[in-house]
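To start, the structure under review is shown below, and the notes come after it.
Here, each number is a calculation from the coordinates, and none is a lab measurement. Quick caveat: nothing in here was measured; it's all calculated off a predicted structure. Cβ placement follows ideal geometry from the backbone for every residue including glycine, while neighbour counts extend to all protein chains displayed.
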Amino acid sequence: MEDEGTCVMPVAIITGASKGLGRALAEALAARGWDLVLDARTAEVLKETAAALAGHGTRVTAVPGDVTDPAHRSELVAAARKLGGVDLLVNNASALGAEPLTRLEGLPLDGLRRALEVNVVAALGLVQGALPLLRASEAGTVIAVSSDAVAEAYETWGGYGASKAALDHLTAVLGEEEPRLRVWAVDPGDMATDLYAAAVPDDQDPRPEPASVVPAFLRLLDERPVSGRYGAPSLLEGR
């Protein structure tokens, strides 16, 4: 994007960016010179993340808050506008619905509502707010972080999987409605994240670090395939 004759670096909004996959992706984009608007609920952790990323020489704006709050989503979009626009929106913030996960017979309905609000409603709300800026970008892109629980019926993952399935469908429809954009749902696979630890606290099996799947996301950004659903393992093959 151009601004009074000066070159402006691409801008990304990343939700859930203080740690885990969100932070790993932010680090990779910062290393490539992207300017970033980062969201997370815990202000101090987000501030520490933003300070570390700013060491790459990129502009980083930390906007702590809850993505289910419309005013907070507006803040994120406004912060990106100040940096030059929105070239990439990553809907990464997620809620499980219950911690630890539980069978459907005991799933708290308020927890399910929270998962739907965070994983689906807030994600769409942020897309709606950012759409004018995404359309104005030469490479407007939306990434929804998905899960294999969308396609597989894992015991206790019903509420979370249902919310992510709804997000996947909205993402697919958005790709049809916005053919100039690239709109991808990306299943990163199992990762060693706080979210997974909260979901299955008794699981002692080692999981890959989030940084290990970031090359899959970078491949999508580099090659810009058609809108659709992609899995990190297949994207990492041959890399």
Quiz item: Which of the helices in the chain, when you take each full DSSP H run, stretch at least 24 Å along the axis at their Cα atoms and have an average Kyte-Doolittle score of -0.5 or higher?
Solution: 158-177
Quiz item: With +1 on each Lys and Arg Cβ and -1 on each Asp and Glu Cβ, how big is the dipole of the chain about its Cα centre, in debye rounded to the nearest 20?
Solution: 480 debye
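Provide the percentage of antiparallel DSSP beta bridges, counting only those with both residues in the stretch 2-223; round to the nearest 5.
10 percent
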Quiz item: Relative contact order of the chain: what whole-number percent is it, with Cα pairs under 8 angstrom and at least 6 residues apart?
Solution: 18 percent
Quiz item: Amide H neighbours of THR61 under 5 Å, counting only residues 5+ apart in sequence or on other chains, H built in-plane at 1.01 Å?
Solution: LEU36, VAL37, LEU38
Quiz prompt | Mean ellipticity per residue at 222 nm, deg cm²/dmol - from DSSP H runs of n ≥ 4 across the chain, formula -39500 (n - 2.57) | solution = -13000 deg cm²/dmol
Exercise. Would you mind ranking LYS47, LYS19, LYS164 by Cβ crowding within 10 Å, fewest neighbours first?
Key: LYS47, LYS19, LYS164
Quiz item: For labels at THR42 and LEU236 in the simple 7 Å Cα→Cβ model, what's the distance in nm?
Solution: 2.4 nm
Self-check item: Directionally averaged shadow of the stretch 1-101, computed from the convex hull of its alpha-carbon atoms, nm²
Solution: 6.5 nm²
Practice problem: Identify, among ALA115, ALA165, LEU88, the residue whose Cα sits farthest towards the positive end of the charge dipole of the stretch 2-223, taking +1 on the Cβ of Lys and Arg and -1 on the Cβ of Asp and Glu, with the dipole about the Cα centre. | Solution: LEU88
Quiz item: Relative contact order (percent) for the stretch 1-92, with alpha-carbon contacts under 8 angstrom and 6 or more residues of separation?
Solution: 37 percent
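Using 0.36 nm per residue, how much length does the chain from VAL226 to ALA78 gain when fully extended, once their Cα-Cα distance is taken away?
Working: separation 148, 0.36 × 148 = 53.28 nm, distance 2.83 nm.
Stretched fully, the VAL226-ALA78 segment lengthens by 50.4 nm.
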Quiz item: If you keep only loop residues by DSSP, which chymotrypsin sites (Phe, Trp or Tyr not before Pro) in the stretch 164-239 have at most 10 other Cβ atoms within 10 Å of their Cβ?
Solution: none
Self-check item: Those residues of the stretch 222-238 whose amide nitrogen sits under 15 Å from the label point placed on ASP148, 7 Å along Cα→Cβ
Solution: 230-237
Exercise. Return the distance in nm (one decimal) between the two label points of a simple spin-label model at ALA54 and LEU218, each offset 7 Å from Cα along Cα→Cβ.
Key: 2.4 nm
Quiz item: So how far apart, in nm, are the two label points at ASP205 and ALA31 if each is 7 Å from Cα heading toward Cβ?
Solution: 2.8 nm
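Can you give me the Rg/Rh ratio for the chain, using Cα atoms for both radii and the Kirkwood formula for Rh?
Result for the chain is an Rg/Rh of 0.95.
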Quiz item: So who's got an amide H within less than 5 Å of the one on VAL183, skipping anything under 5 residues away but keeping other chains? H placed 1.01 Å off N, in plane.
Solution: VAL142, SER227, GLY228
